[in-house]
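*Asks:* Below is a structure I'd like to ask you about.
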Amino acid sequence: MPDSNVPAGQGPRTRVRPYRYEDADEFAALARDSRALHHPWLFPPLTPEAYRDYAGGVIEDPTKAGFLVCDLTDGGRIAGFININNIVRGGFLSGALGYGAFAHAAGRGLMGEGLRHVMRQAFGPLGLHRLEANIQPANTASIALVRGAGFRYEGYSPDFLRIDGDWRDHERWAITADMVRDTAAGGLSDPSG
């Protein structure tokens with residue numbers, strides 16, 4: 001489990017750090033302010049109590065790693081979150097990404113910078129080989145985020161995940177440690193790029 005006081009990465013505009021229970025009030029308020037942006041894609045916790053349960057599920061579970069993307073241009077305010085879920089060790093060495101920006105930070109490139117920090121954690125200290133993102137086809141902002149980070153399109157999965165009471169189709173996007181190493185120099189080294 002990452003130390004919540006040690007940043008997982010820092011760039012020109014963002015610092016990525018693990019979840020902390022004391023982020024409950026800020027996170028929940030930002031999630032409430034971002035409901036229109038998130039619907040119908042995701043449903044983050046809207047109350048401090050729900051955040052503490054949610055964060056605890058990430059903090060305490062060895063098959064997850066959760067990170068908050070904090071905006072250094074706005075006093076360290078939380079800009080979004082990125083989770084690596086379903087971490088499998090052994091021959092698979094894989095995790096599934098889940099993420100969301102908050103409304104005040106959407107479209108500013110902060111999540112792209114934050115995702116590069118998280119990828120360095122995944123392919124470095126966490127020792128993973130593969131990250132996968134499953135995205136609803138109409139969520140063009142989410143697809144642009146992973147495409148910009150170098151993920152490749154791998155296929156289409158009908159009725160893949162139950163969200164908000166319905167089975168939703170998803171596109172599968174993934175990146176491997178080898179793809180990152182094969183990227184031109186600076187692929188993950190410059191989080192501002």
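*Asks:* State whether the residues of the stretch 47-63 include one that is touching a Phe, Trp or Tyr at 6+ places or on another chain (Cβ under 7 Å), part of a strand (DSSP E or B) and modelled with pLDDT of 95 or more.
*Replies:* For the stretch 47-63, residues touching a Phe, Trp or Tyr at 6+ places or on another chain (Cβ under 7 Å), part of a strand (DSSP E or B) and modelled with pLDDT of 95 or more: absent.
*Asks:* Right, next: Is at least one residue of the stretch 77-88 in contact with a Ser or Thr (Cβ under 8 Å, 6 or more places away or on another chain) and either crowded, with 19+ Cβ neighbours inside 10 Å or of a type in the set (D, E, K, R) (or both)?
*Replies:* Within the stretch 77-88, one or more residues are in contact with a Ser or Thr (Cβ under 8 Å, 6 or more places away or on another chain) and either crowded, with 19+ Cβ neighbours inside 10 Å or of a type in the set (D, E, K, R) (or both).
*Asks:* Continuing with this model, one more query. Pick from the stretch 131-151 the residues that are part of a loop (DSSP other than H, G, I, E, B), small (Gly, Ala, Ser) and out of contact with any Leu (no Cβ under 7 Å at 6 or more places or on another chain): which of them is farthest from ILE175 (Cα to Cα)?
*Replies:* ALA138
*Asks:* Among the residues of the stretch 128-149, is any over 21 Å from PRO44 (Cα atoms), touching a Lys or Arg at 6+ places or on another chain (Cβ under 8 Å) and without any contact (Cβ under 8 Å) to a residue 24 or more places away in the chain?
*Replies:* No, the conditions are met nowhere in the stretch 128-149.
*Asks:* Here's a follow-up. Among (1) buried (at least 19 other Cβ atoms within 10 Å of the Cβ); (2) in contact (Cβ under 8 Å) with a residue 40 or more places away in the chain; (3) in a helix (DSSP H, G or I), where does CYS70 come up short?
*Replies:* Tallying (1) buried (at least 19 other Cβ atoms within 10 Å of the Cβ); (2) in contact (Cβ under 8 Å) with a residue 40 or more places away in the chain; (3) in a helix (DSSP H, G or I), CYS70 fails exactly one: (3).
*Asks:* In this structure, is PRO40 modelled with pLDDT under 95 and either within 25 Å of MET119 (Cβ to Cβ) or surrounded by 16 or more Cβ atoms within 10 Å (Cβ to Cβ) (or both)?
*Replies:* No, not satisfied.
*Asks:* Looking at TYR51, TYR19, which is the one that is under 15 Å from the mean Cα position of the chain (by Cα) and not polar (S, T, N, Q)?
*Replies:* TYR19
*Asks:* Look at ALA138 and say whether it is closer than 30 Å to GLU22 by Cβ and modelled with pLDDT under 95.
*Replies:* Judged against the criteria, ALA138 is not a match.
*Asks:* Follow-up. So if I check each of GLY57, GLY91, which one is closer than 20 Å to GLY127 by Cβ, of a type outside the set (D, E, K, R), without any contact (Cβ under 8 Å) to a residue 12 or more places away in the chain and surrounded by fewer than 19 Cβ atoms within 10 Å (Cβ to Cβ)?
*Replies:* That would be GLY91, the only listed residue that is closer than 20 Å to GLY127 by Cβ, of a type outside the set (D, E, K, R), without any contact (Cβ under 8 Å) to a residue 12 or more places away in the chain and surrounded by fewer than 19 Cβ atoms within 10 Å (Cβ to Cβ).
The values are calculated or read from the model by the stated rules, or taken from the named source; none is laboratory data. This is a predicted model, so every value here is computed, not measured. Glycine also receives a Cβ, built like all others from the backbone with ideal geometry; neighbour counts cover every protein chain displayed.
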